[in-house]
1. What pairs can you find where one residue is in the range 43-58 and buried (at least 17 other Cβ atoms within 10 Å of the Cβ), the other is of a type in the set (Ser, Thr, Tyr) and not in a loop (DSSP other than H, G, I, E, B), and their Cβ atoms are less than 7 Å apart, with a gap of 6+ or different chains?
2. So which residues in the range 167-192 are over 23 Å from HIS287 (Cα atoms) and touching a helix residue (DSSP H, G or I) at 6+ places or on another chain (Cβ under 7 Å)?
3. Do any helices (runs of 4 or more DSSP H) lying entirely in the range 179-297 carry at least 2 residues that are surrounded by fewer than 22 Cβ atoms within 10 Å (Cβ to Cβ) and under 17 Å from the mean Cα position of the chain (by Cα), and which ones are they?
4. List every residue pair whose Cβ atoms lie under 8 Å apart, where the two residues are 6 or more positions apart in sequence or sit on different chains, the first residue falls within the range 18-29 and is in the same structural domain as CYS41 (by TED's automatic domain parsing) and loosely packed, with under 10 Cβ neighbours inside 10 Å, and the second residue, located anywhere, is modelled with pLDDT under 60 and not β-branched (Val, Ile, Thr).
5. Residue by residue through the range 117-159, note down the ones that are in a helix (DSSP H, G or I) and among the small types (Gly, Ala, Ser).
6. Please verify whether VAL107 is of a type outside the set (S, T, N, Q), surrounded by fewer than 21 Cβ atoms within 10 Å (Cβ to Cβ), over 30 Å from SER62 (Cβ atoms) and at pLDDT 95 or above, treating the condition exactly as stated.
7. Of everything in the range 119-134 that's without any contact (Cβ under 8 Å) to a residue 60 or more places away in the chain and β-branched (Val, Ile, Thr), which residue is surrounded by the most Cβ atoms within 10 Å (Cβ to Cβ)?
8. Out of the range 34-50, which residues are in contact with a His (Cβ under 9 Å, 6 or more places away or on another chain) and either charged (D, E, K, R) or closer than 18 Å to THR125 by Cα (or both)?
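The values are calculated or read from the model by the stated rules, or taken from the named source; none is laboratory data. Keep in mind that what you see is a predicted model, and the values were worked out from it rather than measured. In this analysis, Cβ positions are derived from the backbone assuming ideal geometry, glycine residues included, and neighbour counts consider all displayed protein chains.
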Amino acid sequence: MSKVTTAPPQDDPASFQLRFRGAKVREHPFAGRIGGNQEFCLDPDDEAVKQQPDAAPIISISRSLDPSGFLVFEYYKMGLIEGLGTCLLVFVSGAGANALTTLGDSVSPMAIALYAALFNWISLTLFVYTTAPASGGHLNPSITMGTFFAGLSSLPRSLIYVVSQSVGAIVGGYWLRLGLGKNGYFPSGVIPGCTVDEQLVSRGQLFVLEYVFALAQLFLAFGVGLEPRNAKTYGPAFAPVLVGLTLGLGTLASSFVKEGYSGISFNSARCLGLMTAKGNLQYNYLHWIATLSACMVHGVFYHTVPPYKKSSGKARREALPCVEHHAGSQKH
């Protein structure tokens, strides 16, 4: 039997550098890895950052907007993971949501809301755990756009991810419709977290609800999943659970906020996929506009009170928790 050993402690204290028959496990340093608390990134002065600026917290606008990132093949490979992950997440979450719409009055609204919150918590947690090592585990344009405006994801990567997530979501929506049949796919016309009753919820009200809920979700997700100062509190091993819990909280909080409002969207790609397959996009554009607005505002606050302070040399390296994990590996 082949023997699997870990890298020497001085190379990788977190034991991520597994070796099997002389090969190392592939790593993708990415400051915007959700649930990673910026543990899996490099120093801004590292040579590898010149090719992939978001391998470290981006320190300049020019690096963030550098179009040469569209030539980085790794971004497209990670985009495939994002697309596949989003496709499966939309299929699974859509299947659960579709089942809820068929219950009618046989189950109390509170029980349905609790089920939806628990379902979203568990599903998102597992999907983040699965995809975070390969792509960063965004699976959601809101997270991708949020990391871009926070300087944790470059423009090329962000655009590739959002397109991949959107395409994956549409594919997932159509797969679900194919499996359930046209008449069994959200037969009531209500898609939880996406559609609204236009007679009870105006466009302005929908924008306000989506905007503030999205801002709250970003605030919490960044705090538990991307805040480097929490790395020593619970670390990347537990962060995805808390990221999933933020969605569960948002689901529960938005379930009864207003009659005719079916709950927070937050994941615009999910709604795009499920609504496209249903043939009714309704106000999906408002989901995107509200989320984009929330990401921009959140980015302003993030840069106003950043987790890092400007420093140089040794002081900067000591300020970055991720440097110790990768400094040794760069020598090999």
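1. From the range 43-58, the pairs are PRO53/SER64; ILE58/SER64.
2. If the condition is that a residue be over 23 Å from HIS287 (Cα atoms) and touching a helix residue (DSSP H, G or I) at 6+ places or on another chain (Cβ under 7 Å), then LEU180 is the only one that fits.
3. It comes to 203-225, 235-254.
4. Every condition considered, the pairs that remain are ARG21/SER2.
5. ALA117, SER123, ALA132, ALA134, SER135, SER142, GLY146, SER158
6. no
7. Out of the qualifying residues, it is THR131.
8. ILE34, GLU39, ASP43, ASP46
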